[in-house]
Amino acid sequence: MPKENKDTEKTEEKKTPIASVEETTSQTTHSITLHGEKIDYTVTTGTIVLKEEDLDEGEKQKASIFYIAYNKDGSETDRPVTFSFNGGPGSSSVWMHLGLLGPKRVKMDEDGQPFGPPYQLIDNEFSLFDKSDLVFIDPVSTGYSRPVPKEKPDQFHSVKKDVETVGEFIRVWTTRNKRWTSPKFIIGESYGTTRAGGLAGYLHQRHGMYLNGIMFISSILNFITARFNEGNDLPFILFLPSYTATAWYHGKLPGDLQKDLKLALKASREFALNEYTLALMKGNGLQGEERENIIHQLMRLTGLSRQYIEGTNLRINIHRFCKELLRDQGVTIGRLDSRYKGFDRDTVGETHEIDPSYAAILGPYTATMYDYLRRELNYETDLPYEILKSLYQSWKYENYQNQYVNTAEDLRLGFQLHPGLKAIVCNGYFDLATPFLATEYTFNHIPLPKEQQENIKMTYYEAGHMMYSHKPSLKKLSEDLHTFINNSI
């Protein structure tokens, strides 16, 4: 009989239970007068913990999503609700929240330059809140949104998972707040429009949640339009009219073009989509008088020198353009908004060190958000509020291997499932991050019947990526969004 060896006895491994994450909520009451009507409202600030079903463990917590929801007191389910998010990837929802949509906005001057510090929030007479309840969503790793303990953040940092996570939040919030029968809208900015395009397909198909409309602010759905990769001539063509607008703003165009922005843009658009396109398609075959004509037109339309244009092989990269246009003045221009000017350590580099248009808004929006959360919304935590976390380099595109990201196809599916869907697409002339001709190209290449094409409205503003930082554009944008909601219900 074998001798019992107690040293080799197996003991059952005990699993340490993972403590559950509790949801947090703060509710405060406020009032604002919009268009002569006093609106009493409640703000709910807090988190919703998203879960997924696990066959072994039941419901498993995955992420805690931070949100700020504005609800008009006494409103019924026929009142619209709008879900808002910004882009990045890695941006919190602060920009459209405190710049465009919410009842409060950051005080800036008419052109979008900040006052202070001390920075201030003021009542936003241009808010969309008179037309719709508002829910601002911070995707995982932005704002106060975090994975739960022992869940890795990078699992949420992909095109597909990001859409699924934000879509799940929208489903849960809508269910808990009994808003399934309400008219529903989503509004995204920059990469948030990439997300919005994905949600158009996902919400309709996965959850049967039909949207009345989508508001696209500074769009990028098809990334082939903005990737200056070797062999991809498309961005050089599609960015050209935005270079022209920028050169016009800084007084760098010849007299006949300088006198009228709209005429200059018309000339640039026509050249870009015709002669310039054909010229770049020829590559090294472009020679002689034809090449000379293209160089001459590019000089007229960009304000750049002949030497520089020849040195770029007639292909002007956006990052280099921001450094080159005003190099002789020792000045760089903004990428998000090319009206802004800044400076670098030196004037000889190829690209600018910082984006002066982002630097102008980062401090005011950060300070007012932190103050607003504690002082007025009574939400207290010592976590850092991640205004814009750098996720761009590590973001995963697993469903788009060996191709460009293109959620315009998801948007097409949204129209296919719900032909009554409407969209408004808002563009800034001085936006060098998501230029307007690239957006036109994307939407013109979504294969839709004529009836659905007519449900897409394009609008334009004499400002940049965050066109609402420019007060005249904020006023016009607000009017356009109000009209869009009225026409979409």
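When the range 462-488 is filtered for residues that are farther than 30 Å from Gln416 by Cβ, more than 16 Å from the chain's Cα centre (by Cα) and among the hydroxyl-bearing types (Ser, Thr, Tyr), the ones remaining, listed by number, are Ser473, Ser478. Exactly one residue out of Gly112, Gly188, Gly90, Gly167 is farther than 22 Å from Thr42 by Cβ, of a type in the set (Gly, Ala, Ser), out of contact with any helix residue (DSSP H, G or I) (no Cβ under 8 Å at 6 or more places or on another chain) and open to solvent by less than 10 Å² (accessible area, probe 1.4 Å): that is Gly90. Within the range 443-458, track down each residue that is within 23 Å of the chain's Cα centre (by Cα), free of Cβ contacts under 8 Å to residues at least 40 places away in the same chain and open to solvent by 50 Å² or more (accessible area, probe 1.4 Å). The answer is Asn444, Gln453, Lys457, Met458. Selection within the range 379-403: residues that are more than 18 Å from the chain's Cα centre (by Cα) and within 14 Å of Asn222 (Cβ to Cβ). The member of this set that is surrounded by the fewest Cβ atoms within 10 Å (Cβ to Cβ) is Gln403.
For the range 345-364, state whether one or more residues are at pLDDT 95 or above, open to solvent by less than 10 Å² (accessible area, probe 1.4 Å), in a loop (DSSP other than H, G, I, E, B) and in contact with a strand residue (DSSP E or B) (Cβ under 7 Å, 6 or more places away or on another chain). Checked against the condition, which is being at pLDDT 95 or above, open to solvent by less than 10 Å² (accessible area, probe 1.4 Å), in a loop (DSSP other than H, G, I, E, B) and in contact with a strand residue (DSSP E or B) (Cβ under 7 Å, 6 or more places away or on another chain), the range 345-364 yields no hits at all. Just one of the listed residues (Gly208, Gly188, Gly198, Gly116) is assigned to a loop (DSSP other than H, G, I, E, B) and closer than 17 Å to Leu421 by Cα, namely Gly208.
For the range 93-109, which residues satisfy the criterion of being in contact with a helix residue (DSSP H, G or I) (Cβ under 9 Å, 6 or more places away or on another chain) and not in a strand (DSSP E or B)?
Ser93, Val94, Trp95, Met96, His97, Leu98, Gly99, Leu100, Leu101, Gly102, Lys107, Asp109
When restricted to residues that are among the hydroxyl-bearing types (Ser, Thr, Tyr) and open to solvent by 10 Å² or more (accessible area, probe 1.4 Å), the range 311-334 contains 1.
Results for (1) in contact with a helix residue (DSSP H, G or I) (Cβ under 9 Å, 6 or more places away or on another chain); (2) closer than 30 Å to Asn487 by Cα, shown as yes or no for each residue.
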{"position": "Gly116", "(1), (2)": "yes, no"}
{"position": "Leu121", "(1), (2)": "yes, no"}
{"position": "Asp130", "(1), (2)": "yes, yes"}
{"position": "Ile137", "(1), (2)": "yes, yes"}
{"position": "Tyr144", "(1), (2)": "yes, no"}
{"position": "Asp154", "(1), (2)": "no, no"}
{"position": "His157", "(1), (2)": "no, no"}
{"position": "Lys161", "(1), (2)": "yes, no"}
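Provide a single number: the residues in the range 148-185 that are of a type in the set (D, E, K, R), over 21 Å from Glu59 (Cβ atoms) and not in a helix (DSSP H, G or I).
Final tally of qualifying residues: 3.
Within the range 124-139, the set of residues being under 20 Å from Leu362 (Cα atoms) and either part of a loop (DSSP other than H, G, I, E, B) or open to solvent by 30 Å² or more (accessible area, probe 1.4 Å) (or both) comprises Asn124, Pro139.
Which residues, counting only those in the range 64-81, are open to solvent by less than 10 Å² (accessible area, probe 1.4 Å) and closer than 17 Å to Gln27 by Cα? Hits for the range 64-81 are Ile65, Phe66, Ile68, Ala69, Tyr70. Take the conditions (1) part of a loop (DSSP other than H, G, I, E, B); (2) out of contact with any Asp or Glu (no Cβ under 9 Å at 6 or more places or on another chain); (3) farther than 21 Å from Ile137 by Cα; (4) of a type in the set (D, E, K, R); Glu380 misses just one of them, which is (3).
Of the numbered criteria (1) open to solvent by less than 40 Å² (accessible area, probe 1.4 Å); (2) in a loop (DSSP other than H, G, I, E, B); (3) under 27 Å from Ile217 (Cβ atoms), the one Thr368 fails is (2).
The values are calculated or read from the model by the stated rules, or taken from the named source; none is laboratory data. This is a predicted model, so every value here is computed, not measured. Don't worry about glycine lacking a Cβ; one is built from the backbone with ideal geometry, like all the others, and counts go over all protein chains shown. Accessible surface areas use protein heavy atoms only, side chains included; no ligands, DNA or RNA. Shrake-Rupley method; radii C 1.70, N 1.55, O 1.52, S 1.80 Å.
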